[in-house]
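Here's the structure we're looking at; comments come further down.
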Amino acid sequence: MEFNEEQLQRYSRHIILPEVGGKGQKKIFESKVFIAGAGGLGCPVGYYLTAAGVGTIALMDNDAVELSNLQRQIAHSVKTLGINKADSAKKTFEALNPDVNVIPVKERLTNKNILELIKDYDVVVDGTDNFPTRYLINDACVMLKKPLVSGAILRFEGQVTTILPGDGPCYRCLFESPPPPGLVPSCQEAGVLGVLPGVIGALQATEVLKLILGKGKPLKGELLIYDALRTNFRKVKIPKNPDCPICGENPTIKELIDYTQEYCAI
Amino acid sequence: MAQKGETKIDKKINIKGAVCPYTLVKSKLAIEELSVGQVLEILLDYPEAAESIPKAMLNYGHTVLKAEKINPTDWVIQIRKEVED
């Protein structure tokens, strides 16, 4: 494809970067990213990927925008209170960049629908807020060998890692199974600094663009931990677990597990 | 046919009227279309770009063969592509 005059202007700061250029910008146009969750993380990830010109962005969320979201979920506004978050964010993203095809997916991820939903995408971003979905996304990405950029936030601390199935550890290599329900508090119970998902989401969006461009070193085999109170970034190595139940040599998980029942019972 | 001592030009672009950073954007896109060893000739009239484009092309790893003012308003810059993008 040729760039039109508007695209030359819009993407000029990308095109002049040696690591991007016209060729890299075309890769970004042709890429398809699936973002699970249009909340604190999904908003900035989707916003920056939209600005970057990612061709197709699926944004999955089944909740409606509430006033308590607006302290951190920057794609929503008082004008979209009560409407589905994926629809709300789509409006915001399209106003930023009409080149991008934003597909709202108004569903909850389950072990029945996830493989079908993510199979056509190049990269999956986890911006969800609960362990059942986090493990479900990890397992589905391992099964489909999809790159996954995972992020998590709580209070003043956030984490990011990139999972490249077959080429490094997965989330279960780090934590083999979800913590017991109620052990780790949610943001609803423990709070979160509103800007924290902005930092973590921007890091996730950066990882996605690096994967699309094939430039730099992905954040694989490492968990990046950001401590906002101390302004400290540290990386913890995650060894690949040969006995990992999903990506190890003899995987015991052969079908996707739905943990929501035991969690929702609490 | 290139005469003896003359550089063979593989692609020419005329970006007169373009200002920074579009002078560089257009030059960068043009050089991406060439193979290593081929030469791009740029005709431009934005004075700042006459200085910044050769510097940027050196930074990309290419060779500046020529950067000359050819009349009171225009410059010609010749770049040989040295590295893949």
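The values are calculated or read from the model by the stated rules, or taken from the named source; none is laboratory data. A quick note: this is a predicted structure, and the numbers were derived from the prediction, not measured. No Cβ is skipped: glycine too gets one built from the backbone with ideal geometry, and neighbour counts run over all protein chains shown.
Side notes on the structure shown:
- Evaluation of A:Ala51 against (1) outside any loop (DSSP other than H, G, I, E, B); (2) within 30 Å of B:Thr23 (Cα to Cα); (3) of a type in the set (A, V, I, L, M, F, W, C); (4) touching a strand residue (DSSP E or B) at 6+ places or on another chain (Cβ under 6 Å) (one fails), failing number: (4)
- The criterion of being of a type in the set (Lys, Arg), farther than 30 Å from A:Lys26 by Cβ and touching a residue at least 40 places away in the same chain (Cβ under 8 Å) holds for A:Lys240.
- Within region A:146-192, tally of residues that are part of a loop (DSSP other than H, G, I, E, B) and not aliphatic (A, V, I, L, M): 20
- Any hit, region B:52-74, residues being among the hydrophobic types (A, V, I, L, M, F, W, C), surrounded by fewer than 17 Cβ atoms within 10 Å (Cβ to Cβ), on the phi < 0 side of the Ramachandran plot and within 14 Å of chain A (Cβ to nearest Cβ): yes
- Among the residues here, A:Ser77 qualifies as more than 14 Å from chain B (Cβ to nearest Cβ), of a type outside the set (A, V, I, L, M) and surrounded by fewer than 18 Cβ atoms within 10 Å (Cβ to Cβ).
- Of B:Ala30, B:Ala50, B:Ala67, all but one fail to be small (Gly, Ala, Ser) and closer than 21 Å to A:Arg13 by Cβ; the exception is B:Ala30.
- The number of residues in region A:12-60 being within 25 Å of A:Gly127 (Cα to Cα), among the hydroxyl-bearing types (Ser, Thr, Tyr) and within 14 Å of another protein chain (Cβ to nearest Cβ) comes to 0.
- The set of residues in region B:20-40 being part of a loop (DSSP other than H, G, I, E, B) and more than 7 Å from chain A (Cβ to nearest Cβ) consists of B:Cys20, B:Glu33, B:Leu34, B:Ser35, B:Val36, B:Gly37, B:Gln38.
- Restricting A:Asn111, A:Asn130, A:Asn138 to residues that are modelled with pLDDT under 95 and in contact with a helix residue (DSSP H, G or I) (Cβ under 9 Å, 6 or more places away or on another chain) narrows the list to A:Asn130.
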